[in-house]
Every structure is written in C-alpha cells, then in structure tokens.
Amino acid sequence: MENYVPDLYVKSIYYVDYKKLKERGIKCILFDLDNTVAPLSIKKPTKKIKDLFIKLKDMGFKIIIFSNSPKSRLKPFKDELEVDCAFSCKKPMRRKFDLILKLYKFSVSEIVIIGDNIITDVLGGNKVGITTILVNPISAKERFFTKICRKYEAHIINKLSKKELFYRGKYYE
Ligand SMILES: [Mg+2]
C-alpha cells in the first residue's frame, strides 16, 4: 500500500519548491505530460509552461517529459520546450524508468517524478525508488484508459485515507 503514497503532494507544478529539491540533491525531473504539465486540449506549450521550464533549466535540472502518451502528442512539447522526452512509457511498469537511470547515469536519489496519477506516476516512481511528487490533475477531461484508471485510483485513495496514509486535498512537502 505504501507504494501508492507520494513523497510530496502539492497543488500543481507551479507550487513545487524546486529550490528545496535542488538542496535535497535532485538533478533530474521527470514530468508527466497529460493533466500534469498540460490538459489534453492543449496541443503545444503555453508561455506559462515555457517560462517554468526555462527557469528549471537555468537552475541546472535535467528535464525529461516522461509520458504514457504516444510520440505524436509529445513532439510539439519536445520541440518548443527543448527538453528530452520518453513516450509510451507504460507507467507504472519500471522498464522505462530503469532505462532512464541507465542512459543518463543518475542514481535513484537524484531523480524525481512529478505527476497527477497515483496508479501510474506515483506507483511507478516508488517501485524504482525515486522521489515522487503528486499534483492535482489540471482538468477532468481524460483519455478513455485514464478514466478507467481513475476508478481504481479512487478506490486506492479511499483505502489510503482509511489507513491514514494519504488524503486528497491535504498537501504536504
Ligand atoms: Mg497524467
């Protein structure tokens, strides 16, 4: 059950204390795309997203968009934000996480994943032992598969709150 609990839980990617992450030794940020960085309705990055990514790169972070979505969805973000991308990641499976660790030569203590889904982003990250940050989904509009996933997630969140491990809307850093 503990594998479903994020290390940090904040409102959105704009509320994360990136300075603190840096101080904790984080060097690489894996960003989930859909409903974490942008809602499905947005096909390319807005100015607000661009500004955040510029700031993070200036701070020295390696940024990788790490998404279960296909290459075609990620391409405009990759091009305009000038970051690396991993598509069709099949989170929570650990294969692509392991690949990133191997490819970029980061240790688990140097990587964080930021995502809006406990079943994919948080569980996947916790399985490999990297830091996990949960944010609230930007929009209620989701892909068919994600909708199914959300039902299971709601069930897990219910169980977690009964065990006093996690509460929706109760933020912590
Ligand atoms: Mg997402």
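Could you tally the net charge around Ile157, taking each other residue with its Cβ under 13 Å from the Cβ of Ile157, Lys/Arg +1 and Asp/Glu -1?
Value of the local net charge: +4.
Lys and Arg at +1, Asp and Glu at -1: add these up for the other residues within a Cβ distance under 14 Å of Asp51 and post the number.
Taking every other residue near Asp51 into account, the sum is +2.
Translational D (Stokes-Einstein, µm²/s) of the chain at 10 °C and 1.306 mPa s when Rh comes from the Kirkwood sum over C-alpha pairs?
In µm²/s, the coefficient rounds to 99.
Under a plain spin-label model, where a point goes 7 Å from the Cα along Cα-to-Cβ, how far apart in nm are Lys55 and His155?
Result for the modelled spin labels: 3.9 nm.
Would you please give the FRET efficiency between Arg143 and Ile42, computed as 1/(1 + (r/R0)^6) with r the Cβ-Cβ distance and R0 = 22 Å, to the nearest 0.05?
So, using R0 = 22 Å, E works out to roughly 0.95.
Within the stretch 58-140, list the GluC sites (Glu not before Pro) lying in a DSSP loop whose Cβ has at most 13 other Cβ atoms in a 10 Å radius.
Counting only loop positions with at most 13 other Cβ atoms within 10 Å, the GluC sites (Glu not before Pro) in the stretch 58-140 are Glu82.
Just subtract the alpha-carbon distance of Phe106 and Glu82 from 0.36 nm times their residue separation and send over the number in nm, one decimal.
6.6 nm
Show which aspartates and glutamates lie in cross-link reach of Lys55 when reach means a straight Cα distance below 15 angstrom and same-chain residues fewer than eight apart are skipped.
Asp17, Glu80, Glu82
Only the coordinates and a few stated rules stand behind these numbers; no lab work does. Just so we're clear, the structure is a prediction, and the values are computed from it rather than from any experiment. With ideal geometry, Cβ positions are generated from the backbone for all residues, glycine too; neighbour counts draw on all protein chains shown.
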